[in-house]
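Before anything else, here's the structure in question.
The values are calculated or read from the model by the stated rules, or taken from the named source; none is laboratory data. Model, not experiment: these values are computed from the prediction. Please note: Cβ atoms are built from the backbone with ideal geometry, for glycine as well, and neighbour counts cover all protein chains shown.
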Amino acid sequence: MIEFNNVSFKYEDGSEILSELNLKIRDGEVVLLCGESGCGKSTIARLINALIPHYYRGELEGQVLINGLDTQKAQLYEISEQVASVFQNPKTQFYNVDSTEEMVFGLENRGVPREEMKKRLEATVKKLGMEDLMNRNLFAMSGGEKQKVACACADTSNAPIIVLDEPSSNLDIYSIKELAQIIGQWKKEGKTVVVAEHRLYYMLPLTDRVIYMSNGKISLECTPDELIALGKERIARMGLRSTDIFDIVKEETANVKRVNFNPEIAKAGKPGTEPEAVEDGDSDGADDNVLRIRDFSYTYKGDKKPTLTIGGLTLPKQSVICIVGDNGAGKSTFARTLCGLDKRADGILEYGGERLKRKGRLKKTFMVMQDVALQLFTDEVGDELESCIDDPDEGSQERIRELLEKLNLSDKAERHPQSLSGGEKQRVAIGSAVIAERDIIVFDEPTSGLDYRHMTSVAGLVRSLKESGKTIFIITHDPELIAMCCDELVQIENGKVIEAGRMTHDVYDKWLRSTTAHKEKKKVENEKWYAMDGTDL
Amino acid sequence: MNKEAPRKRRFHLDPRIKVLILVLIATVEMFSLNIWVMTAIGLIPVFLYLTDHRVSGAIKYSIVFGLSVLAHIFRADIQLNMVLNMVIVLLGGFVLKLFPAFATGEYILKSTSVSEMMSAFSAIGLNRKMLIPLSVMFRFFPTIRREHAAIHDAAMMRGVSIGRKRFWKNPGQAFEYRIIPLMITVANIGNDLSAAALSRGLDNPARHTTYTDVKIGITDVVTLICIIAVVTAVFVFTTLM
Amino acid sequence: METKRLTGKDLITVGIYTAIYVAVVFVIGATNAIPIMYPISMVIIPLVAGIPMMLYYTKIEKFGMLTITGIIVGLFFYLSGYTWLCVAFLVPSGLIADIILKVGGYKKFKVIVPSYMVYALGMLGGPAPLWFAGESYWDGIRESMGEQYAEQLAGYMPSWMLWVGIGLVLIGAFLGALLGKKMLNKHFKKAGIA
């Protein structure tokens with residue numbers, strides 16, 4: 001039983017995030033906390049696992065009781081036997097380097113004897129299907145695999161309450177499905193599960209109660225069905241993500257007939273089969289409106305066969321191209337090759353008649369990285385943009401001012417880039433691409449962990465970049481972002497392009513089904529595991 | 001340090017024995033030794049590399065060490081100018097004296113998993129105050145390498161990598177571009193990591209247990225005895241005979 | 001809630017900054033394959049390490065953290081094949097650096113500077129065998145190359161090199177502390193991590 005009695009909380013910077021909150025969560029209940037960023041849902045998660053007040057400092061009033069334990073009086077390690085947590089970022093929550101060590105870490109801290117540890121670990125491994133994730137280097141794992149390990153940690157702890165704080169942020173669709181199955185398993189076992197989350201679609205079938213927060217208060221409590229009954233428009237206005245990812249692409253409105261640039265790929269592209277190297281029909285015909293990728297390949301050090309091989313791919317300029325595919329399919333390698341970042345990568349990009357080798361691409365492209373903080377170098381937003389100009393002249397200050405205005409950053413020109421919010425940092429990085437006059441901008445997972453409003457604003461930004469003549473590549477798992485701004489969908493699996501073409505309802509639908517389907521083939525042995533979820537995903 | 005868990009190797013030494021071998025090498029090298037004893041000690045890392053299936057490592061090390069031994073044996077015949085002669089003798093002595101320990105240290109770091117090392121440290125009764133920072137340190141090495149690689153990419157896109165014009169305009173600033181985002185990211189990862197570790201009972205005063213078992217087995221004892229026996233035999237044979 | 005004991009959070013902090021410190025020393029120390037770089041790295045290492053160390057000092061509020069760092073760095077270099085002198089140098093330098101903080105007060109830049117300078121001296125444990133454990137090494141050279149040659153060689157590496165080494169490290173550490181302080185104000189405080 002979790003009880004919040006008149007809980008108010010202010011972070012150290014003085015911002016009030018919860019006010020006078022009362023909440024009771026029964027044993028065995030699955031609760032979905034939702035709402036826009038900053039609504040207080042993560043704060044609730046931190047209050048339950050007692051990181052507030054023990055780790056994150058601030059002003060706490062009222063009382064939080066976890067199975068009778070007052071979190072302010074109890075020690076953090078006492079709470080940790082009652083509450084297990086899964087956090088948003090798989091990269092930062094593991095303490096060990098080895099996955100098996102990680103799964104027993106909580107038990108080691110509690111002084112559980114080795115035999116007992118082995119027993120619990122075995123049970124978890126069997127239950128969650130972790131066999132292929134044992135004794136592995138966590139650094140070599142995909143985000144989805146890491147998050148599964150994090151869930152396994154929560155499972156071995158045998159805590160009756162499990163709190164998940166935006167656990168799906170960095171996951172692809174398949175991993176989200178696996179996450180849903182794990183949560184379903186916990187529900188069956190009668191655990192209390194509290195999930196703070198933007199993505200609703202995978203949680204709704206599992207949820208007993210939806211709590212919608214705004215401005216630090218609970219503004220709606222209902223069942224999943226009642227939430228869905230509010231209707232798409234209303235849910236979008238509440239700043240929530242879609243309740244169903246299949247039904248979000250509008251039917252084609254454009255009546256312009258466009259050629260399919262890559263008919264061969266469409267023919268060859270069946271998962272599991274080896275597509276032939278695709279040859280473009282008439283590549284000499286100068287076409288200013290397309291960009292062509294020729295013979296991209298990337299071979300890891302020590303490997304004989306290349307990991308990535310793209311013989312030829314033609315795409316329209318000035319469009320939004322979404323690159324999809326499983327974790328480890330070669331999307332990031334493709335992006336690094338496209339941007340000319342890797343010396344081991346081969347290939348040529350033809351951009352409106354220009355033939356660009358690696359170094360040429362380095363000057364033509366810009367990648368907005370997933371961890372955008374890594375690409376902000378200076379101590380002022382204005383300087384950040386100025387440092388991207390090769391030969392500053394009198395006009396540059398004016399251009400910077402205009403650009404900041406466009407990016408809605410005018411009032412932030414003198415701020416330290418690292419002190420900005422995630423979305424603002426992203427806009428500064430985009431600004432550096434624009435000011436450096438790069439024609440091709442690559443986004444790596446730009447919307448992971450974003451709520452509906454922020455995702456929409458990224459989509460808007462992408463569209464306006466396209467209007468200004470840029471060609472945009474987006475590596476993404478986010479179906480809603482794809483539905484909102486994608487022109488061309490390119491699917492990469494096993495280092496090869498298996499689908500490439502104009503984005504339509506059908507293409508989208510096919511991709512969404514295939515992305516989970518062909519992975520599942522490998523997992524038939526876990527049939528009963530999949531039987532539990534009644535969702536149509 | 002090896003990030004993978006210990007594979008089932010046919011030949012596998014306990015971390016404590018590995019460290020003991022290193023301590024022995026480092027201690028013995030402190031004394032003035034004849035070239036034959038030094039060579040015998042120099043062969044220990046070759047043996048260790050080979051047991052770890054690192055043939056190329058063994059070969060590279062053997063070449064460097066072998067050349068130094070040759071330089072030592074033929075030092076009287078080398079008739080070069082004064083400075084070059086000195087450099088050769090110094091470098092040769094450096095390799096002869098220090099490389100066996102360097103190589104053994106490298107072998108230990110590469111052949112031991114973090115969890116094995118931690119279990120061994122805790123088995124010899126190392127305090128939690130040492131164990132926690134040590135394990136965090138080993139977990140952060142790959143983090144630092146990875147984040148640094150990403151920053152390198154970012155710098156390359158901005159044209160501030162070595163070999164680009166903009167880098168040499170202001171190398172100090174280029175250095176700042178590298179280290180500042182790295183510090184900020186690592187500090188942030190550290191904050192999240194602390195939160196996650198504490199929420200899993202890191203501060204529990206109960207005596208922590210370890211999952212990975214470390215045992216000193218027959219291989220360990222035999223290896224240690226063999227190494228000591230060979231080096232001693234060479235010593236006795238070359239000094240007393 | 002505040003204890004004088006080192007908490008898990010403190011120990012993780014120690015681990016993180018020790019990792020960064022070791023990484024800096026390793027990357028710069030790699031240039032030591034060229035002997036001429038020895039004296040230069042004695043300035044550069046404490047200078048560059050000043051940036052992470054000044055950030056580290058903002059997190060130190062309890063006795064013992066620098067000592068642990070010293071022990072770990074010493075052990076790490078010992079295990080990577082340097083001599084035991086690394087441990088013999090780094091443990092006392094860490095301990096004294098800790099004592100200076102304890103006596104002078106935490107988070108005061110005036111105290112941090114001498115503390116860091118003392119701490120940085122511990123890195124002399126790396127090249128120390130050239131001066132200390134070198135005795136047997138010199139014997140070896142004398143024996144094999146002759147008295148005259150050894151004397152000539154010693155002329156290139158005079159004993160006052162030790163004092164030069166100490167001087168270089170202290171200068172590097174002092175400048176490193178200033179550089180670190182500058183970076184704290186310019187970046188880390190604004191980024192909310194200091």
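Quick one: A:V195 ticks every box in (1) surrounded by 22 or more Cβ atoms within 10 Å (Cβ to Cβ); (2) at pLDDT below 95; (3) within 19 Å of A:G38 (Cβ to Cβ) except a single one, so which number is it?
With (1) surrounded by 22 or more Cβ atoms within 10 Å (Cβ to Cβ); (2) at pLDDT below 95; (3) within 19 Å of A:G38 (Cβ to Cβ) applied to A:V195, the lone miss is (2).
Report, by residue number, each residue of the stretch B:44-65 that is closer than 11 Å to B:E106 by Cβ and of a type in the set (V, I, T).
none
Could I ask something else about it? Based on this model, can you work out whether C:G29 counts as at pLDDT below 80, facing chain B (nearest Cβ under 8 Å) and either in a helix (DSSP H, G or I) or crowded, with 20+ Cβ neighbours inside 10 Å (or both)?
So C:G29 fails the test.
Which one of these is more than 14 Å from chain B (Cβ to nearest Cβ) and part of a loop (DSSP other than H, G, I, E, B): A:I211, A:I176, A:I235, A:I248?
A:I248
Let me ask something else. Taking into account only those residues within the stretch A:82-92 that are modelled with pLDDT of 95 or more and more than 7 Å from chain B (Cβ to nearest Cβ), which is farthest from the chain's Cα centre (by Cα)?
A:Q82
Right, another one. Filter the stretch A:292-332 for residues that are hydroxyl-bearing (S, T, Y) and assigned to a strand (DSSP E or B) and give the result.
Hits for the stretch A:292-332 are A:S297, A:Y298, A:T309, A:T314.
Restricting to the stretch A:128-153, count the residues that are facing chain B (nearest Cβ under 9 Å), assigned to a helix (DSSP H, G or I) and not small (G, A, S).
Matching residues across the stretch A:128-153 total 3.
Please state which one of A:L65, A:L47, A:L60 is under 27 Å from A:L204 (Cα atoms) and assigned to a strand (DSSP E or B).
A:L65
Looking for something in a helix (DSSP H, G or I), within 14 Å of another protein chain (Cβ to nearest Cβ), modelled with pLDDT of 95 or more and closer than 24 Å to C:P39 by Cα - is there at least one such residue anywhere in the stretch C:124-145?
Within the stretch C:124-145 (the criterion being in a helix (DSSP H, G or I), within 14 Å of another protein chain (Cβ to nearest Cβ), modelled with pLDDT of 95 or more and closer than 24 Å to C:P39 by Cα), the answer is no, since none of the residues qualifies.
Is it the case that B:K60 is under 30 Å from B:K18 (Cβ atoms) and either among the polar types (S, T, N, Q) or at pLDDT below 80 (or both)?
no
Only one of these conditions is not met by A:L32: (1) within 14 Å of chain B (Cβ to nearest Cβ); (2) within 27 Å of A:S142 (Cα to Cα); (3) not β-branched (V, I, T). Which number is it?
Unmet for A:L32, out of (1) within 14 Å of chain B (Cβ to nearest Cβ); (2) within 27 Å of A:S142 (Cα to Cα); (3) not β-branched (V, I, T): (1).
Now for a separate question. Only one residue in B:G92, B:G125, B:G105 is modelled with pLDDT of 80 or more, surrounded by fewer than 22 Cβ atoms within 10 Å (Cβ to Cβ) and not aliphatic (A, V, I, L, M), so which one is that?
B:G125
Return yes when C:A88 is modelled with pLDDT of 80 or more, within 13 Å of another protein chain (Cβ to nearest Cβ), surrounded by fewer than 18 Cβ atoms within 10 Å (Cβ to Cβ) and over 28 Å from B:F175 (Cα atoms) and no when it is not.
It is true that C:A88 is modelled with pLDDT of 80 or more, within 13 Å of another protein chain (Cβ to nearest Cβ), surrounded by fewer than 18 Cβ atoms within 10 Å (Cβ to Cβ) and over 28 Å from B:F175 (Cα atoms).
Right, here's the next one. What number of residues within the stretch A:1-27 satisfy the criterion of being buried (at least 16 other Cβ atoms within 10 Å of the Cβ) and either part of a loop (DSSP other than H, G, I, E, B) or in contact with a Phe, Trp or Tyr (Cβ under 7 Å, 6 or more places away or on another chain) (or both)?
Of the residues in the stretch A:1-27, 4 are buried (at least 16 other Cβ atoms within 10 Å of the Cβ) and either part of a loop (DSSP other than H, G, I, E, B) or in contact with a Phe, Trp or Tyr (Cβ under 7 Å, 6 or more places away or on another chain) (or both).
Go through the stretch B:175-192 and report how many residues are surrounded by fewer than 22 Cβ atoms within 10 Å (Cβ to Cβ) and either over 16 Å from C:L179 (Cβ atoms) or within 7 Å of chain A (Cβ to nearest Cβ) (or both).
Total meeting the criteria: 4.
Give the residue that is farthest from A:G422 (Cα to Cα), with candidates limited to residues of the stretch A:42-68 that are away from chain B (no Cβ under 14 Å) and out of contact with any Phe, Trp or Tyr (no Cβ under 9 Å at 6 or more places or on another chain).
A:G68
Shifting gears a bit: Here is a list of conditions, (1) more than 14 Å from chain C (Cβ to nearest Cβ); (2) not hydroxyl-bearing (S, T, Y); (3) not in a helix (DSSP H, G or I), and A:G423 meets all of them except one; can you say which number that is?
Condition (3) is where A:G423 drops out.
Quick test for you: out of A:L164, A:L171, pick the one residue that is buried (at least 22 other Cβ atoms within 10 Å of the Cβ) and assigned to a strand (DSSP E or B).
A:L164
Another question about this same structure. Taking A:L179 as the residue in question, decide whether it is out of contact with any Leu (no Cβ under 7 Å at 6 or more places or on another chain), crowded, with 20+ Cβ neighbours inside 10 Å and under 19 Å from A:V86 (Cβ atoms).
The answer is no for A:L179.
A:I321 is checked against (1) over 14 Å from A:V497 (Cα atoms); (2) within 21 Å of the chain's Cα centre (by Cα); (3) away from chain B (no Cβ under 14 Å); (4) buried (at least 21 other Cβ atoms within 10 Å of the Cβ) and fails just one. What number does that condition carry?
Of (1) over 14 Å from A:V497 (Cα atoms); (2) within 21 Å of the chain's Cα centre (by Cα); (3) away from chain B (no Cβ under 14 Å); (4) buried (at least 21 other Cβ atoms within 10 Å of the Cβ), only one is false for A:I321: (1).
While we're on this one: Select from the stretch B:20-42 the residues that are surrounded by fewer than 17 Cβ atoms within 10 Å (Cβ to Cβ), within 21 Å of B:T112 (Cβ to Cβ) and modelled with pLDDT of 85 or more and list them in ascending order.
B:L20, B:V23
One line per residue, one yes/no per condition, for (1) surrounded by 16 or more Cβ atoms within 10 Å (Cβ to Cβ); (2) more than 9 Å from chain B (Cβ to nearest Cβ); (3) in a strand (DSSP E or B):
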{"position": "A:L362", "(1), (2), (3)": "yes, no, no"}
{"position": "A:M367", "(1), (2), (3)": "yes, no, yes"}
{"position": "A:P392", "(1), (2), (3)": "no, yes, no"}
{"position": "A:I400", "(1), (2), (3)": "yes, yes, no"}
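When you scan the stretch A:434-448, do you find a residue that is buried (at least 21 other Cβ atoms within 10 Å of the Cβ), in a helix (DSSP H, G or I) and of a type outside the set (V, I, T), even just one?
no
Let me ask something else. Of all residues in the stretch A:402-418, which are within 14 Å of chain C (Cβ to nearest Cβ) and assigned to a helix (DSSP H, G or I)?
Across the stretch A:402-418, the qualifying residues are A:K412, A:P417, A:Q418.
Turning to a different aspect of this structure: Name the single residue that is nearest to the other protein chains (Cβ to nearest Cβ) among those in the stretch A:93-127 being farther than 23 Å from A:E78 by Cα and surrounded by fewer than 24 Cβ atoms within 10 Å (Cβ to Cβ).
Looking at residues that are farther than 23 Å from A:E78 by Cα and surrounded by fewer than 24 Cβ atoms within 10 Å (Cβ to Cβ), I get A:T100.
Tally the residues that are under 15 Å from B:S194 (Cβ atoms), touching a residue at least 12 places away in the same chain (Cβ under 8 Å) and not in a loop (DSSP other than H, G, I, E, B), restricting the search to the stretch A:68-105.
Summing the residues that are under 15 Å from B:S194 (Cβ atoms), touching a residue at least 12 places away in the same chain (Cβ under 8 Å) and not in a loop (DSSP other than H, G, I, E, B) in the stretch A:68-105 gives 7.
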